[in-house]
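Structure, as structure tokens:
The values are calculated or read from the model by the stated rules, or taken from the named source; none is laboratory data. These numbers were taken from a predicted model, which means no experiment stands behind them. Don't worry about glycine lacking a Cβ; one is built from the backbone with ideal geometry, like all the others, and counts go over all protein chains shown.
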Amino acid sequence: MQVVLAMHMANELLSLPVAAATLAVAGLIVAMAARRSARTLGAERMPLMGVMGAFVFAAQMINFTLPLMPGTSGHLGGGVLLAILLGPAAAIVTMTAILIVQCLLFQDGGLLALGCNIINMAVFPCLLGWAVYRLSLGRSGTATPFRQYISAWAACVIGVTAGAAMVPLEAGVSGVLRIPVGQFLAVMTGVHLLIGLVEGAVTFAVLAYLGRVWPSLLGQGSGAAAEKLGRRPVLVSIVATALLLGGVVSWFASTHPDGLEWSYGEHSYGQTGDTVAPPSAAISAVDEWQARWSLMSDYTKRPAPLGLAPTKTKGESDATDAWPNVSGWASLAGLVGTAATLAVLYAVAVVWRRRAGGSASAAG
């Protein structure tokens, strides 16, 4: 059985020891980030965490054809954008929630590879990207909006590329590659450098919008008097955009393989065999379990009832090549995923608020 893992790192790229180690490291980092966020994230930004998480989930469904590489596509990561708006700790928690929803509901990213995906797509972009942004920005109180946007662009390029560079290293340590690690690393960083440039443009646009309607969020104004709109209309507009992206705009996503899939599954490295060794029996068992219980594998209708392993007839393709792919199932997946991400992060915010209230009461 061939498993489709649409956008994120698959189980087949890892060995069990590396998967276990990265899951443990990622769990520790997320726990520390959650503890810090619960103490430092202001009440006004907690709703933004859920709303922006829903937006990033929906935006990640929109693959775009890469410039200079017409047979390859990329998608928004969103970690740098979240770090700029929420701070790196809350951004890591938000990205982790997105990745968990994608993994469990849609089989997007391997279950064993969840730790790697958190490290590569949450930790590196949120921490490194935020650090680059702050260093480039200087004193935020004196930085012009243009400098903020350019700083965000640089942060996206460096953060996204650094996270992507971890994939060949993790696969190399796992011992599953049949190609030189250096070649895989060069291709991955080249592809994701282009993706980072496009992500910088999207981040630039979102920050420009928020800078006009909620300038205090970016340190461009002081207090509610500087806001062009009330905060609630801004939050509603972001949720509405997320629903539109997941429910409709996703029909127009590129059908080309994404940067990771292309880098190890489609790119020619001069050999005729596979670039990755066949997965072990344990890895295959986890893949099969994930395929049985994912609600809508690859963001579409399940080919078998929940709990049964999907089967594929000879010559059947994993995905349609039609463009635009006007699909009610894809729309349903986008809406369900957006709502699930918002609900998970809302629940996290409620828990944080209650703990903060309990701490305040105890202190009083």
Query raised in the report: When both residues are 6+ apart or on different chains and their Cβ atoms are under 8 Å apart, which pairs have a first residue that lies in the stretch 174-192 and is without any contact (Cβ under 8 Å) to a residue 24 or more places away in the chain and assigned to a helix (DSSP H, G or I), and a second that is surrounded by fewer than 19 Cβ atoms within 10 Å (Cβ to Cβ) and not hydrophobic (A, V, I, L, M, F, W, C)?
Result: Val181/Gly172
Query - Restricting the stretch 122-173 to residues that are charged (D, E, K, R) and part of a helix (DSSP H, G or I), the residue that is surrounded by the most Cβ atoms within 10 Å (Cβ to Cβ) - result: Glu170
Report summary line: For the stretch 258-291, the count of residues that are more than 17 Å from Ala333 (Cα to Cα), assigned to a helix (DSSP H, G or I) and of a type outside the set (S, T, N, Q) equals 15
Report summary line: If we keep only residues of the stretch 259-290 that are hydroxyl-bearing (Ser, Thr, Tyr) and out of contact with any helix residue (DSSP H, G or I) (no Cβ under 8 Å at 6 or more places or on another chain), then the residue farthest from Pro70 (Cα to Cα) is Ser284
Query raised in the report: Quick one: how many residues across the stretch 250-266 are of a type in the set (A, V, I, L, M) and farther than 17 Å from Val56 by Cα?
Result: 1
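Within the stretch 143-197, take every residue that is among the hydroxyl-bearing types (Ser, Thr, Tyr) and touching a Leu at 6+ places or on another chain (Cβ under 7 Å) and give me the one that is farthest from Ala277 (Cα to Cα).
That would be Tyr149.
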Report summary line: Checked the stretch 263-274 for anything over 10 Å from Leu13 (Cα atoms) and surrounded by 18 or more Cβ atoms within 10 Å (Cβ to Cβ); matches are Ser263, His267
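Look at Tyr299 and say whether it is among the aromatic types (Phe, Trp, Tyr), touching a helix residue (DSSP H, G or I) at 6+ places or on another chain (Cβ under 7 Å) and at pLDDT below 90.
On the way: among the aromatic types (Phe, Trp, Tyr): yes; touching a helix residue (DSSP H, G or I) at 6+ places or on another chain (Cβ under 7 Å): yes; at pLDDT below 90: no.
So Tyr299 fails the test.
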Query - So Gly115, is it under 14 Å from the mean Cα position of the chain (by Cα) and outside any helix (DSSP H, G or I) - result: no
